[in-house]
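This report concerns only the one structure given below.
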Amino acid sequence: MKILQNSCLFLFSAWLLASCGSSNNTSSTTGWELNDPEWGGFEVSSEVEQPTAPGLVFIEGGSFTMGRVADDSRFQWNNVAHTVTVSSFYMDETEVSNRSYREFVYWMQRAYGEEYPERVRDIYPDTNAWRDKLAWRESFVDYYFQYPAYDEYPVVGVSWEQACKFCTWRTDRVNEKILVDRGIIVLDQTDLRGESAFQTDVYLAGQYRGEAGEELENLDPAAGGEPRQVRRTDGILVPSYRLPTEAEWEFAALGMIGNTYDERVVEHKIYPWAGSSVRSANKKYYGQFLANFKRSRGDAMGVAGNLNDGWDYTAPVKWYFPNDYGLYHMAGNVSEWCMDVYRKDANPVGGEDMNPFRGNVYRTPVYIDDEISINDTTGSINYKNVDDDLNRRNYRQADNINYLDGDYASAIYDYNTQTSITEWVNNEGDEDESYDSEDGGFDMANPDSVTNMMYRRNVSDASQVTSLLNNKVRVVKGGSWNDRAYWLQAGTRRFYDQDKSTAWIGFRCAMDRLGSRTLK
């Protein structure tokens with residue numbers, strides 16, 4: 001009897017293991033065969049881990065104290081310390097270099113230069129950003145972006161908008177190479193035109209106009225043996241390159257992975273390195289500067305024969321010591337663009353403490369006759385803002401930039417007219433109409449008019465704007481060659497117009513980490 005019980009237990013265990021999907025060939029839900037046309041052809045990919053895309057370093061996430069932990073000597077109070085959690089992600093090992101950005105310009109010139117030269121002009125760095133009314137920098141204007149001696153120096157004169165275009169282009173080229181290497185599409189650059197160039201979102205929408213190679217076998221019996229393109233469910237393509245959020249950038253700069261013991265933060269860093277000094281404490285390199293910055297007015301690099309940080313303007317993107325994540329120049333050299341729209345309060349009451357970000361404007365593809373609309377000029381998908389959805393709990397509208405930022409878009413009461421906004425919407429009019437806009441009110445259909453109103457000297461005069469803040473300014477993090485040590489601290493933050501550029505701002509890319517939060 002005991003032997004019989006053990007045998008039954010063994011058989012039951014074997015059946016349980018099989019029914020729980022111990023094999024990738026059997027469904028744990030239905031018991032049906034997977035990846036088998038005779039059983040319906042439902043496909044499950046064997047690609048279970050996201051590959052590390054070119055140039056990126058894995059950043060293991062976690063919780064940390066974001067914001068100022070040292071004296072706020074400028075009394076800006078724009079980054080009060082608060083605890084947030086950042087998911088694991090990827091970030092460029094270095095700032096984007098001149099050579100990398102020139103590759104972008106070159107490719108865009110080949111794809112669009114003949115028919116749409118304005119697209120190339122729109123991405124070209126503003127080399128005149130080097131000029132100063134009382135300084136001689138014409139050699140940088142003429143040579144910095146093009147001369148090979150500066151190939152591995154950070155690109156500057158690039159706006160936030162241009163940096164985002166670089167990220168999109170880089171995503172497409174990386175995914176294109178993945179498909180070419182696997183033989184899924186054919187690389188044909190002899191007659192490259194913008195509308196036929198590979199674009200990831202167009203390919204995934206099934207509207208790629210290039211030449212297919214050995215496409216994947218389609219296991220769906222209804223496909224009649226016709227091959228298929230790669231889908232997201234195959235796990236072959238990588239997510240989009242993008243700019244890092246402010247929280248991600250600050251987390252990565254602090255290099256938390258090398259500063260914890262048994263889930264305890266040993267010392268909250270001020271800079272990307274340990275200690276409160278900008279000089280090395282290592283005996284071998286004792287006293288050497290750890291970043292490229294301006295020590296004081298008139299002292300950008302030290303004296304001849306004993307240069308302190310060694311560079312007057314920018315330095316090569318792999319210089320000094322990397323931080324504990326292996327990232328170079330997270331302090332000094334050039335400041336860097338972040339994705340976020342800037343607001344003075346980086347941690348509003350009720351704000352998110354998981355991957356915080358301000359700047360969400362949700363979009364969706366445009367459909368014509370049940371087919372995604374493709375722009376005839378660029379070959380890219382046409383997008384529009386999502387329709388307002390009052391039945392949702394997580395968001396109600398496409399543009400959420402102003403949410404909880406303290407301005408009239410977040411208010412329930414208009415102190416200017418002594419009227420409840422909710423009351424007006426419900427009883428007086430609808431959301432598409434202007435609400436006393438001529439008398440200092442706002443246009444509820446225009447978020448920018450709402451934001452601009454908050455910063456007027458005289459609310460009845462739209463021309464009296466006293467602040468640079470609006471929905472078109474983005475967060476800038478990290479000190480530069482032109483800054484004092486104060487700006488090297490990871491907690492400091494500034495802003496700059498997203499369509500403007502300068503000689504002291506560059507950028508690096510980031511990417512979402514899909515699946516597990518640690519590298520296996």
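In the stretch 111-205, which chymotrypsin sites (Phe, Trp or Tyr not before Pro) fall in coil by DSSP and have 12 or fewer other Cβ atoms within 10 Å?
Those satisfying the criteria are W136.
Given a cut-off of 21 Å, what percent of all Cα-Cα pairs of the stretch 168-304 lie beyond it?
Value for the stretch 168-304 (Cα pairs over 21 Å): 64 percent.
Which whole-Hz ³J(HN,Hα) couplings does the stretch 251-265 yield from phi under the Karplus relation 6.51 cos²θ - 1.76 cosθ + 1.60, θ = phi - 60°, glycine and proline marked x?
4, 5, 5, 6, x, 4, 4, x, 10, 10, 9, 6, 6, 10, 7
Report the net charge of residues surrounding D201, where surrounding means a beta-carbon distance below 12 angstrom and charges are Lys +1, Arg +1, Asp -1, Glu -1.
So the environment of D201 carries a net charge of +1.
Once fully extended, how much extra length lies between D499 and L134, figured as 0.36 nm per residue of separation less the alpha-carbon to alpha-carbon distance?
The span from D499 to L134 would gain 128.9 nm if fully extended.
Could you give the nm distance between label points at D36 and D188, where each point is 7 Å from its Cα heading toward the beta carbon?
Spacing of the two 7 Å Cα→Cβ label points: 3.9 nm.
When you take every Cα atom in the stretch 145-221, what is the radius of gyration, and what is Dmax, the widest Cα pair distance, in Å?
16.4, 58
Could I have the simple spin-label model distance between A205 and E115, label points 7 Å from Cα toward Cβ, reported in nm to one decimal?
1.6 nm
By how many nm would the segment from D345 to D512 grow when fully extended, if each residue of separation counts as 0.36 nm and the alpha-carbon distance is taken off?
This chain segment gains 57.6 nm when fully extended.
Starting from the Cα of K384, draw a straight line to each of the lysines and keep only those under 24 Å, dropping any in the same chain fewer than 8 residues away.
K165, K472
Around V476, under 9 Å between beta carbons, what's the net of Lys plus Arg minus Asp minus Glu among the other residues?
Around V476, the charge tally is +3.
If Lys and Arg each add +1 and Asp and Glu each add -1, what is the summed charge of the other residues whose beta carbon sits under 14 Å from the beta carbon of G287?
With Lys, Arg at +1 and Asp, Glu at -1, the neighbours total +3.
Please work out the Cα center distance from the stretch 336-377 to the stretch 129-172, rounded to the nearest Å.
When both Cα centres are located, 26 Å separates them.
Among 272-285, 481-494, how do they line up from the highest to the lowest mean number of other beta-carbon atoms within 10 Å?
So the peptides 272-285, 481-494, ranked by packing, come out 481-494, 272-285.
As an exercise, find the ratio Rg/Rh for the stretch 360-400 from alpha-carbon atoms, using the Kirkwood inverse-distance average for Rh.
Using only Cα positions, Rg/Rh for the stretch 360-400 is 1.09.
What FRET efficiency comes out for the pair T260/N394, r = Cβ-Cβ distance, R0 = 30 Å, nearest 0.05?
Once the sixth-power term is evaluated, E becomes 0.40.
Nearest 0.05, what FRET efficiency do K318 and D220 give at R0 = 56 Å with Cβ-Cβ as r?
The calculated FRET efficiency here is 0.70.
What number do you get for the stretch 76-192 when its Cα radius of gyration is normalised by 2.2 N^0.38 Å, N = residues?
1.36
Please compute the length gained on full extension between F357 and K520, using 0.36 nm multiplied by the number of residues separating them and subtracting their Cα-Cα distance.
The F357-K520 span can extend by a further 55.9 nm.
Put a dot 7 Å past each Cα toward the Cβ at R102 and V48; how far apart are the dots in nm?
Calculated label separation equals 4.5 nm.
Read the figures in this text as sums done on the coordinates, not as results from a lab. Everything quoted here is computed from the prediction, not taken from an experiment. Cβ atoms come from the backbone with ideal geometry, glycine included; neighbour counts cover every protein chain shown.
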